[in-house]
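Have a look at the structure below before the remarks.
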Amino acid sequence: MNNTNEMELTFDSRSANEGFARVAVSAFLTQLNPTVEEVSDVKTAVSEAVTNAIIHGYESELKKIVIRCRIEERTIYIEVRDHGKGIEDVKKAMEPMYTTKPELERSGMGFSFMEAFMDKVSVESAVGEGTTVKMEKTIGKGNQLWTTQSI
């Protein structure tokens, strides 16, 4: 039996859809029987990535955002992609407190939150072409010790 499962979702870059994206990914994640905290971590990371696409990638223009999720064994892999303006300096953009939109009271902590809540975060971007945020999280890591000791 193949232990992978995938889904892809395309939606408009409206701020109202940020909540939809969070719920859709967390619903997909439920097959791994995550803890409430693990669901919350993933929802927060997805929320930050989608919000970045809307505000920074598209600068509030109405375009499409694509989320791809893949589950392999106990790990969820999430990609949030936009075809917006792209990021000139990804390393700089990922620094805590860095924002290109201080007038919108953006904290510059989006990537920091993603990195805090997920096991891995990487960003691929090309100016004028868009950005893809790739994240992964293994579910049940805290339970592995208990599981192996109880056998």
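The values are calculated or read from the model by the stated rules, or taken from the named source; none is laboratory data. All figures in this text were calculated on a predicted structure; none of them were measured in a lab. We place every Cβ from the backbone using ideal geometry, glycine too, and count neighbours over all the protein chains shown. For the accessible areas, the whole protein counts, side chains as well, though only heavy atoms, and no ligand, DNA or RNA atoms are used. Shrake-Rupley method; radii C 1.70, N 1.55, O 1.52, S 1.80 Å.
Some values worked out for this structure:
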quantity	calculated
For segment 3-55: accessible area per residue (Å², 1.4 Å)	47 Å²
Under 5 Å, built H, 5+ apart or other chain: amide partners of Lys120	Glu136
Sparse-neighbour loop sites [GluC sites (Glu not before Pro); segment 1-95; at most 15 other C-beta within 10 Å; DSSP]	Glu59, Glu61, Glu73, Glu88
Percent carbon-and-sulfur accessible area, segment 12-92, ignoring ligands, DNA and RNA, probe 1.4 Å	46 percent
Karplus-derived HN-Hα couplings along segment 28-33 (A = 6.51, B = -1.76, C = 1.60, θ = phi - 60°), whole Hz, x at Gly and Pro	5, 5, 4, 4, 8, 6
Summed residue charge, Cβ within 13 Å of Glu6's Cβ, Lys/Arg positive, Asp/Glu negative	-1
Whole-Hz ³J(HN,Hα) from phi, Karplus 6.51 cos²θ - 1.76 cosθ + 1.60, for segment 54-67, glycine and proline x	5, 7, 9, x, 9, 6, 6, 6, 8, 9, 9, 10, 10, 10
Estimated distance in nm for a label pair at Arg74 and Val36, the labels positioned 7 Å out from Cα along Cα-to-Cβ	2.2 nm
³J(HN,Hα), Karplus 6.51/-1.76/1.60, whole Hz, each residue of segment 86-95, x for Gly, Pro	x, 10, 5, 10, 4, 4, 5, 4, 8, 5
